2 protein chains.
Amino acid sequence: MTTREKIAALRRLMKKEGLHAYLVPSNDPHLSEYVPECWKRRQWVSGFTGSAGDVAVFANEAGLWTDSRYFLQAERQLDGETIKLFKLGLPDTPSIDDYLIKRLKRGQAVGIDPQVISEERAAALTKTLDERGIRLRFTPNLVDPLWDDRPPMPRGAIDRHADRFAGETAEAKLARVREELIKADADAHIVTALDAIAWLFNIRGTDVEFNPVVIAYAIVGRKNAELFLDPTKVGAKMQAWLKGFVKVRSYEEAGDAFRALGKRKARVMIDAGATNRWVVERLKGATIRRAPSPIQKMKAVKNETQIRGLRNAHRRDGVAMVHFLHWLENTLKERTLRELDVAEKCDAFRAEEAMHRGPSFDTIVGFGANGAVVHYSPVTGENAKVGKRGILLIDSGGQYLDGTTDITRTITIGEPSAREKELFTRVLKGHINLARTPFPRNMTGIRLEILARQALWEGGVEYGHGTGHGVGQYLSVHEGPVGFSPRALAPLEPGNFISLEPGCYSTGKYGFRTENLVIVVKDKKRSTKEQEWCALEALTLCPIDRKLIEPALLSNEERDWLNEYHARVMKELSPRLAPEVSAWLAEQTAPI
Amino acid sequence: MTTREKIAALRRLMKKEGLHAYLVPSNDPHLSEYVPECWKRRQWVSGFTGSAGDVAVFANEAGLWTDSRYFLQAERQLDGETIKLFKLGLPDTPSIDDYLIKRLKRGQAVGIDPQVISEERAAALTKTLDERGIRLRFTPNLVDPLWDDRPPMPRGAIDRHADRFAGETAEAKLARVREELIKADADAHIVTALDAIAWLFNIRGTDVEFNPVVIAYAIVGRKNAELFLDPTKVGAKMQAWLKGFVKVRSYEEAGDAFRALGKRKARVMIDAGATNRWVVERLKGATIRRAPSPIQKMKAVKNETQIRGLRNAHRRDGVAMVHFLHWLENTLKERTLRELDVAEKCDAFRAEEAMHRGPSFDTIVGFGANGAVVHYSPVTGENAKVGKRGILLIDSGGQYLDGTTDITRTITIGEPSAREKELFTRVLKGHINLARTPFPRNMTGIRLEILARQALWEGGVEYGHGTGHGVGQYLSVHEGPVGFSPRALAPLEPGNFISLEPGCYSTGKYGFRTENLVIVVKDKKRSTKEQEWCALEALTLCPIDRKLIEPALLSNEERDWLNEYHARVMKELSPRLAPEVSAWLAEQTAPI
């Protein structure tokens, strides 16, 4: 079927249902960042493969709303005559809500599958439309009956995340969630986010690309717990182990279990931003306590065992990165490489390390102008040649049994210009400024972030993405609630694990970004009885390109930080490197 | 009546009404920061005179909840046997909501006058109590029938805020509000905040201490506007002028006018955080559109005429401050002063300046340990002697027809210690760091604030108050929505007028704070077609005590900022000073 045929078929179903508009967002029922193939309905309908983008189909038109990361890709992939591209963030682009209000009349109805919209968003959209006399109607999914070759649900086996990596048993985690149930005066908590479920039960799976999670729902009650997933994924050993603390039921039984909570008038805690509307519909009769899932916050605080694992994983990841950068420098002397060659080799060096389980996201390698496209990937991009002169940006990460990594390095190919050095150094100053500033416990990332931007602002430059996201341990590379960005409202405490990645981009020319993962630690020297202080410690171990640094722009404190960091990189990695690579690393990490 | 008798009488009324708890918050019907005498019910009931503090009366106990600014004062003023002090912010102190839940049983009821609680807070409290089967009941005020010598409503005449100061006619402002009505699909906006009403109609009054506002409600419709206030305050000339764009009705008619909106099913825009519950009760039948009042944002952007007035007012205020500081230095050589002597003289120098209309808040003069009490005032404090050695903190401001000022200077009496110089300089570094950093238009104060804290954090010191609040023009010295604090979520744009006041306090020793008012201006040098940049420009003109500065702690950029600021202070003020004072100022502003 062509896009035009798919939209036409959708319109026939809409007419039958009495709908004047139908929404196909990119969400799956678990509101995951990475959606399994079987739930990529928006991609099937529109042909657009980006991770973010919502489709609205009207009787006479259809639109896709996406953000600046995907403008180019959407223009390339969309059939523009059938689906119009709405570029979010541009001053003249209406939001999808504004457009619904503009196009629809009083008495008309908008349809959506309640499984692919959060309770919070459903409530807000209902209110917005209601005020204009338009109805939001929850219907069965209209795409599914049209989608002939829809892939089946993934069926890979699940694994146990060993206690020696997790540092806390599932029983202990359940006990902590139950304490929160008591505090919130609730009988049960419905867990819908896949990484929260994986963390809680110490299980890992293969259902979703890059994220080792399992498609499942869970209910944690005060005495019992239920886990809803495809039982064929659970081997005999896993079954025996899980039985100790959770009742495993099939994924399809979740809806009935939610209904049962409603029938017995339970007080149910849900995270309205993370739970789909379909779940809430089934809770009729229950008293709903809306609150951020306590698991989010627990998961964001890594315990000592996890931190040890993260340190180990980063040491191996650093070895892989140094091997890779060393290979890259030497190979470029001999032959031409394309971006995809570079990305594949980067992934390959990681795959050689112990306990590696694959990349933690699609490796970004952008040469020159491609480095300025923030979510560029050589696969969906142009796969350019790496030239003799220019800036190369590499953002990659790995999943290891003991940790997740995410690192960006920007290197110069050939001699950099003065302007390139200035911009790289301003990004580095921002990185260091945030990395080295102590802060009171419970400070928030929204407030700290600016320290990474100040040096760029002084140079008249701003970047359009956040400075840091929370990272899981052998789990999602993006996780809430902590971070360094305008959305990071959660108080920071020791054990939080976050990326620190200021950048700077010049369209058509180059992009710079320097990213380490940092862990929040207690600053023992500064802490007093009245005030606990925290500091950031970099776990990522990899040299920062000295050829791109303009030393005159660094303050003494910034230079000291850099030299100490490089000395640590050398000290921790060189024992694991061949003499030749170690000698190369010594040059890369020499003091400036 | 003693506090004990008042509480006993309240309990009798509660019993009659079937209430198990009764709330007496410090709010008035306009949710003002400064409450007119006739509405200081919480003060009458409890004897506590602080600006923030809520009383809850139960059958067998009563409590006052207040924050750390007022712990000492509340302890001194409360009859502790009758009313228990709950110190908000301490780890073991329950919030008033938590305490209500803890003390009351299912089926019981809490009473409150709907005039003294915002719609937003009323909804949240109702929900919290409902979930526990407790009812929040809106009753007529139970304090008023007991309060025999209650002062009458203030009756001072209102004045016109001349166009040559306002820079925009009331008609033009009404037209802008009407544009917002259309955008929000609303028929009318109810304005309840007194400073919003004063701004909108270009009127000023004398009803509230420090804030030149008038007690009033207003309704702005698409074609007409109504202003509800005591008509005896309106002289014949004012009456003729107002008639051109607003219908003046008595304050008591407001309730009926709100009811009329409900009856004709109008779509009414209200700011649920700023509008009391009583107003909303009267709107039955209306469609309510909840949104921040558009007036808040408009009022926060000063136009060119206003900025010219603010500049002029700050020049006069600077002259007064220099005279005052010069007098202080000389007088302390000759005789002993108490804090109150200093405060009165500070106010007196201001009163000599043209267009002065009184202080913009209660002048703070704190010597030594008193400087560490953030909202100390010599009137409610101990009025200590200013000693031969120590740190003196002075925070004061004036109302002028063309502007409002607010300035803090910290000076040393005698030779400062190295530690005092270090702390003062770290505060100054913070002040300069925020003052000199350019930022993209629409940046928020919550994100920028940290720049003022970083230097203190590096020294292991934090302060417990925000770094800046919005300031009105001949209006409230505290106004929303902009600021530099965790609550400042509004995007900044040219014309915003904000205080910048980092500090540092050591209990029992001293307090440091350096405050200027700054205006957001367009940074023309940095701005491009794609990105508009903003910068902060200090309007406050007054020397910063050089004796307290440790030059070795300043970066070159910080030293340059300070020297340029001091050169500007000298250049702008010296033509208005007697030669002797000008010579003194030259010493104070000499480059370091």
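Angle of helix B:170-183 to the longest C-alpha principal axis of chain B, folded into 0 to 90 degrees and rounded to 10: 60°. Under the convention that each Lys and Arg Cβ holds +1 and each Asp and Glu Cβ holds -1, the size of the dipole of the protein assembly as shown around its Cα centre is about 2720 debye. Note on the protein assembly as shown: antiparallel DSSP beta bridges, both residues inside, total approximately 75 percent of the bridges counted.
What is the sum of charges around B:Ile203, taking Lys and Arg as +1, Asp and Glu as -1, for the other residues whose C-beta is under 10 Å from the C-beta of B:Ile203? Net charge around B:Ile203: +2. In terms of other Cβ atoms within 10 Å, A:Phe210, A:Phe484, B:Phe324, A:Phe48 run from fewest to most in the order A:Phe210, B:Phe324, A:Phe48, A:Phe484. Mean residue ellipticity at 222 nm, helices only, chain A: -10500 deg cm²/dmol; runs of at least 4 DSSP H residues each add -39,500 (n - 2.57), and the sum is divided by the number of residues. Of all beta bridges that DSSP places with both ends in chain A, some 75 percent have antiparallel geometry. 3J(HN,Hα) couplings calculated from phi for segment A:548-556 with the Karplus curve 6.51 cos²θ - 1.76 cosθ + 1.60 (θ = phi - 60°) are, in sequence order, 9, 8, 9, x, 4, 7, 8, 6, 4 Hz; Gly and Pro show x. Considering only A:Val319, A:Ala300, B:Ser574, and ranking their Cα positions along the charge dipole of the protein assembly as shown that arises from unit charges at the beta-carbon of Lys, Arg, Asp and Glu, the one farthest toward the positive end is A:Ala300. Ranking B:Val177, B:Cys346, B:Thr467 by Cα position along the charge dipole of chain B, where only Lys, Arg, Asp and Glu carry charges on their C-beta atoms, puts B:Val177 farthest toward the positive end. For segment A:366-372, 3J(HN,Hα) computed residue by residue from phi via the Karplus equation (6.51, -1.76, 1.60; θ = phi - 60°) reads x, 9, x, 4, 5, x, 7 Hz, glycine and proline entered as x.
What is the fewest-to-most order of B:Trp44, A:Trp199 by other Cβ atoms lying within 10 Å of their Cβ?
Working: B:Trp44 20, A:Trp199 29.
Ranked by crowding around the Cβ, least crowded first: B:Trp44, A:Trp199.
Using the Cβ-Cβ distance between A:Arg176 and B:Arg12 with R0 set to 45 Å, the FRET efficiency works out to roughly 0.40. When only alpha carbons are used to place a centre, segment B:265-290 and segment A:414-455 end up 46 Å from one another.
Ranking request for peptides B:582-591, A:575-584: highest mean number of other beta-carbon atoms within 10 Å first, then the rest in descending order.
Values: B:582-591: 16.1, A:575-584: 13.6.
Sorting B:582-591, A:575-584 by mean packing, highest first, produces B:582-591, A:575-584.
Between B:Lys247 and B:Ala225, B:Glu226, B:Leu227, the built amide H atoms are under 5 Å apart, and every one of these is 5 or more places off in sequence or on another chain. Here the simple spin-label model places points 7 Å from the Cα toward Cβ, and for A:Glu587 and B:Arg259 these points are separated by 8.9 nm. Relative to the other identical copies, B:Arg106 shows label-point distances of 4.4 nm, where the label point lies 7 Å from Cα along the Cβ direction and values run shortest first.
Available extension along the chain between A:Arg164 and A:Lys509 is 119.5 nm, counting 0.36 nm per residue and deducting the alpha carbon span. Cα-based radius of gyration for segment A:513-589, normalised by 2.2 N^0.38 Å, reads 1.34. Counting every other Cβ atom within 10 Å of each residue's Cβ, A:Leu23, B:Leu489 order from fewest to most as B:Leu489, A:Leu23.
What's log10 of I(q)/I(0) for the protein assembly as shown at q = 0.08, 0.10 Å⁻¹, Debye sum over Cα points only, no solvent? Calculated log10 I(q)/I(0) at the listed q: -1.05, -1.58. Annotation: for a label point projected 7 angstrom from Cα along Cα→Cβ of B:Glu564, residues of segment B:578-592 with backbone N closer than 19 Å are B:589-592.
Between copies, B:Asp560 shows label-point distances of 2.4 nm, shortest first, with the point placed 7 angstrom from Cα along Cα to C-beta.
For B:Arg150 and B:Asp92, what is the calculated FRET efficiency with R₀ set at 30 Å and r taken between the beta-carbons, to the nearest 0.05? Show your work: numbers first, answer last.
Details: r = 36 Å, r/R0 = 1.21.
With R0 = 30 Å, the Cβ-Cβ based efficiency is 0.25.
Candidate cross-link partners of B:Lys87 among the lysines, defined by an alpha-carbon separation under 27 Å and a same-chain spacing of 8 or more, comprise A:Lys183, A:Lys529, B:Lys6, B:Lys40, B:Lys102, B:Lys105, B:Lys127, B:Lys509.
For chain B, the dipole from Cβ point charges (+1 on Lys and Arg, -1 on Asp and Glu) about the Cα centre works out to 1580 debye, to the nearest 20.
Annotated for segment A:316-423: lysine pairs at least 8 residues apart or interchain, Cα distance under 18 Å, count 5. The string of couplings for segment B:572-584 from the Karplus curve (6.51, -1.76, 1.60, θ = phi - 60°) is 7, 9, 4, x, 9, 10, 5, x, 5, 6, 4, 5, 4 Hz, one whole number per residue in order, with x for Gly and Pro.
Read-outs throughout are calculated quantities, based only on the coordinates presented, and are distinct from any laboratory measurement. Keep in mind the model is a prediction, meaning the values are calculated, not measured. Virtual Cβ from ideal backbone geometry, glycine too; neighbours counted across all protein chains shown.
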